[in-house]
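Each remark here refers to the structure printed beneath this line.
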């Protein structure tokens with residue numbers, strides 16, 4: 001059986017790329033097709049460059065650093081891959097990968113991280129944060145995203161079976177594409193994190209400093225609680241803005257090595273998470289360290305954090321809501337048992353992901 005794996009782009013290492021690594025453990029000899037790829041990332045994730053086919057966008061100026069600038073070409077580029085020689089086509093899609101062309105003799109399964117976020121659910125937020133909500137450039141961006149939405153919806157029938165990375169995304173797939181999806185939670189490297197039962201006297205968060213992660217709200221909330229210490233790891237375009245909000249009790253450490261991050265994760269009193277994520281790998285990593293999670297009660301967190309057992313939820317993306325959640329946690333801290341939190345996190349292991357995904361694919365192949 002010849003297998004092709006389609007991935008939107010291989011430029012940065014994130015959750016989708018870790019899913020790809022796990023898929024390659026099931027199909028190590030699969031060929032990979034992607035819009036653009038960086039050689040150093042391929043080496044980092046252990047992919048043989050000879051098995052990777054990139055699109056014509058790879059030849060555009062600064063393609064591996066400015067690939068998003070070529071968004072209007074993405075649908076055309078993904079349709080240029082000739083996959084006719086393959087029996088099984090697996091697309092790992094968060095943008096256009098699911099839109100590849102296949103024939104009726106092939107089985108096409110999509111692991112959908114999300115329908116294109118900036119074309120659907122985050123459309124207006126994306127335009128505002130990019131400064132494209134008005135003016136001539138704004139109208140052009142709106143037109144291009146309108147075209148992308150139409151193409152994205154029209155290509156849904158090209159997929160035989162959808163897999164969602166959470167029930168939250170499954171509902172989004174149903175609303176956007178009118179298709180049912182089976183949820184298989186993504187792989188989390190829980191084995192890379194160590195259980196620690198004795199905790200320090202500080203709270204912790206880590207993230208790339210971009211608007212939707214809402215690190216500014218967490219920093220603002222703790223700056224209003226000077227008796228409680230917050231440690232923040234991560235950098236990004238919003239770092240200076242967030243630093244300006246930080247009180248003396250907030251330590252912004254910037255970028256740190258994985259070892260430093262892991263050490264803070266396991267020693268923290270609790271991990272604070274304010275983003276509305278499709279799944280959210282980092283809260284699971286915190287739980288793998290036996291650390292409770294205080295999370296925004298929306299999105300994937302509702303499926304990875306157990307209220308009152310492995311963490312607590314706050315209702316709004318607002319500093320006041322975060323502050324109230326912290327105070328509630330401190331009154332009930334003794335009910336959170338590090339060993340039980342770790343046990344819950346192990347349900348999201350890579351072994352579990354590989355077993356569930358392989359079983360799903362094998363069943364669909366057998367039914368054909």
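I need the full set of residues from region 224-233 which are in contact with a helix residue (DSSP H, G or I) (Cβ under 8 Å, 6 or more places away or on another chain) and either surrounded by fewer than 17 Cβ atoms within 10 Å (Cβ to Cβ) or at pLDDT below 95 (or both), in order please.
224
All but one of (1) within 26 Å of residue 226 (Cα to Cα); (2) within 20 Å of the chain's Cα centre (by Cα) hold for residue 354, so report the exception by its number.
(1)
So, in region 248-261, exactly how many residues are over 22 Å from the mean Cα position of the chain (by Cα), surrounded by 14 or more Cβ atoms within 10 Å (Cβ to Cβ) and in a loop (DSSP other than H, G, I, E, B)?
Summing the residues that are over 22 Å from the mean Cα position of the chain (by Cα), surrounded by 14 or more Cβ atoms within 10 Å (Cβ to Cβ) and in a loop (DSSP other than H, G, I, E, B) in region 248-261 gives 2.
Considering (1) more than 27 Å from residue 184 (Cα to Cα); (2) within 22 Å of the chain's Cα centre (by Cα); (3) assigned to a helix (DSSP H, G or I), say which one residue 282 fails and leave the rest.
Result: residue 282 fails condition (1) only.
Go over the candidates 268, 288, 274, 295 one by one and state the one that is modelled with pLDDT of 95 or more, out of contact with any strand residue (DSSP E or B) (no Cβ under 6 Å at 6 or more places or on another chain) and crowded, with 21+ Cβ neighbours inside 10 Å.
Of the residues listed, the single one that is modelled with pLDDT of 95 or more, out of contact with any strand residue (DSSP E or B) (no Cβ under 6 Å at 6 or more places or on another chain) and crowded, with 21+ Cβ neighbours inside 10 Å is 288.
State the number of residues belonging to region 165-207 that are within 26 Å of residue 342 (Cβ to Cβ) and in contact with a helix residue (DSSP H, G or I) (Cβ under 9 Å, 6 or more places away or on another chain).
Count: 28.
Does region 318-359 hold any residues that are within 18 Å of residue 304 (Cβ to Cβ), out of contact with any helix residue (DSSP H, G or I) (no Cβ under 6 Å at 6 or more places or on another chain) and in a loop (DSSP other than H, G, I, E, B), and which are they?
Those that are within 18 Å of residue 304 (Cβ to Cβ), out of contact with any helix residue (DSSP H, G or I) (no Cβ under 6 Å at 6 or more places or on another chain) and in a loop (DSSP other than H, G, I, E, B): 336, 337.
Report, by residue number, each residue of region 171-227 that is part of a loop (DSSP other than H, G, I, E, B) and under 18 Å from the mean Cα position of the chain (by Cα).
184, 185, 186, 187, 188, 189, 207, 208, 209, 210, 214
Can you go through 52, 47, 96, 36 and tell me which one is farther than 24 Å from residue 175 by Cα, in contact (Cβ under 8 Å) with a residue 40 or more places away in the chain and either touching a helix residue (DSSP H, G or I) at 6+ places or on another chain (Cβ under 8 Å) or surrounded by fewer than 19 Cβ atoms within 10 Å (Cβ to Cβ) (or both)? First the steps, then the outcome.
On the way: 47 fails: in contact (Cβ under 8 Å) with a residue 40 or more places away in the chain; 96 fails: farther than 24 Å from residue 175 by Cα; 36 fails: in contact (Cβ under 8 Å) with a residue 40 or more places away in the chain.
From the options 52, 47, 96, 36, the qualifying one is 52.
Quick check on this structure: which one of 71, 13, 76 is part of a helix (DSSP H, G or I) and within 20 Å of residue 113 (Cβ to Cβ)?
71
The values are calculated or read from the model by the stated rules, or taken from the named source; none is laboratory data. All values derive from a computational prediction rather than experimental measurement. Cβ: placed from backbone, ideal geometry, glycine included. Neighbour counts: every protein chain shown.
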